[in-house]
1. Collect the residues in region 114-158 that are within 13 Å of the chain's Cα centre (by Cα) and within 28 Å of Lys85 (Cα to Cα), keeping them in residue-number order.
2. Anything in region 204-226 that is of a type in the set (Val, Ile, Thr), closer than 17 Å to Leu253 by Cα and surrounded by 12 or more Cβ atoms within 10 Å (Cβ to Cβ)? List them, or say none.
3. Could you tell me how many of the residues in region 96-132 are under 18 Å from Lys155 (Cα atoms) and part of a loop (DSSP other than H, G, I, E, B)?
4. Quick one: how many residues across region 126-150 are more than 19 Å from Ala171 (Cα to Cα) and either touching a Cys at 6+ places or on another chain (Cβ under 7 Å) or at pLDDT below 95 (or both)?
5. Out of region 103-118, which residues are loosely packed, with under 15 Cβ neighbours inside 10 Å, at pLDDT below 95 and farther than 21 Å from Ala171 by Cβ?
6. Tell me which helices (runs of 4 or more DSSP H) are completely within region 162-247 and hold 3 or more residues being within 23 Å of the chain's Cα centre (by Cα), or say none if there are none.
7. For Leu149, only one of the following conditions fails: (1) free of Cβ contacts under 8 Å to residues at least 60 places away in the same chain; (2) open to solvent by less than 40 Å² (accessible area, probe 1.4 Å). What is its number?
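The values are calculated or read from the model by the stated rules, or taken from the named source; none is laboratory data. Please read all numbers here as calculations on a predicted model, not as lab measurements. When we count neighbours, we look across all protein chains shown, and the Cβ atoms used for this are built from the backbone with ideal geometry, even at glycine. Surface accessibility is based on the protein's heavy atoms, side chains included, excluding ligands, DNA and RNA. Shrake-Rupley method; radii C 1.70, N 1.55, O 1.52, S 1.80 Å.
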Amino acid sequence: MKAIQNITLLGSGNVATQLGKALQKKGITILQVFSRNPENATQLAHQIGAMAISNLQDLDPGADLYLICIKDDSIGELAGQFPFKDRLIAHTSGSIPMDVLSNNEHYGIFYPLQTFTKDQSVDFLSIPFCIEANSPENEEKLMHLAGLLSEHVTKISSEQRKAIHLAAVFACNFSNNMYAIAEDILTQNGMSLDLLKPLIRETADKISTASPQAVQTGPAKRGDLEIMKNHLQMLADSKEYQDIYRIISDNILKQN
């Protein structure tokens with residue numbers, strides 16, 4: 001097997017930025033950065049010593065891997081316009097099936113299970129990478145590449161990856177939205193989210209040693225209906241917050 005030594009990034013957003021920087025530090029050459037926005041392509045390319053392009057026809061045919069790092073609903077369109085049929089191409093999405101790339105001879109999935117922002121560095125060593133490919137050789141190449149970055153590399157199916165992504169939406173996206181609601185409630189009452197940060201950290205730390213259901217606390221867990229009624233009254237000015245509070249509390253009550 002010839003290991004992947006150079007990559008072209010198809011995308012210039014959060015995932016492309018963090019992966020590009022991390023792979024470059026591990027000795028992988030980033031040949032090109034493609035974005036339909038030339039300014040975005042140039043910005044990332046400058047950071048990782050690559051060439052910026054904004055037209056797929058300008059892709060260098062010599063890359064060992066073409067890695068799609070764009071929003072999910074654009075992956076199929078880009079894959080359909082990819083000009084090479086005999087090059088290894090992969091995407092980083094948690095929810096898009098692998099067969100969206102099946103017009104190519106060599107394709108796979110390179111999914112880092114983490115939330116990324118451009119200016120927030122992450123510890124790739126602890127990030128799980130979920131790998132899938134259309135052949136054992138391509139799978140081995142992607143597994144090896146992920147292994148340069150992480151100690152947690154796993155082969156999964158498209159169905160398993162979709163389940164992981166759904167679970168991640170609950171664990172990450174929805175919980176972050178809860179933080180935003182908490183911050184809004186505190187701000188309305190002249191306080192800062194800083195007051196809750198130690199509580200948030202402790203809650204997150206608990207699941208490193210126990211099941212989330214086993215360490216559930218709060219008024220719904222205790223069946224304290226009077227406190228829950230008072231909370232709902234406090235949220236009278238926001239039907240949306242009331243609905244969220246009621247739905248989640250009812251779910252916790254059912255698990256008691």
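1. Within region 114-158, Phe129, Cys130 meet the criteria.
2. The answer is Val215, and nothing else.
3. Qualifying residue count for the region: 5.
4. Looking only at that region, the number is 0.
5. Result: Asn103, single match.
6. Those helices (runs of 4 or more DSSP H) span 175-188, 197-206.
7. Unmet condition: (1).
Conditions tested, residue by residue: (1) open to solvent by less than 70 Å² (accessible area, probe 1.4 Å); (2) assigned to a helix (DSSP H, G or I); (3) farther than 24 Å from Thr154 by Cα.
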position: Met1; (1), (2), (3): no, no, no
position: Ile4; (1), (2), (3): yes, no, no
position: Leu9; (1), (2), (3): yes, no, no
position: Ala16; (1), (2), (3): yes, yes, no
position: Gln47; (1), (2), (3): no, yes, yes
position: Leu78; (1), (2), (3): yes, yes, yes
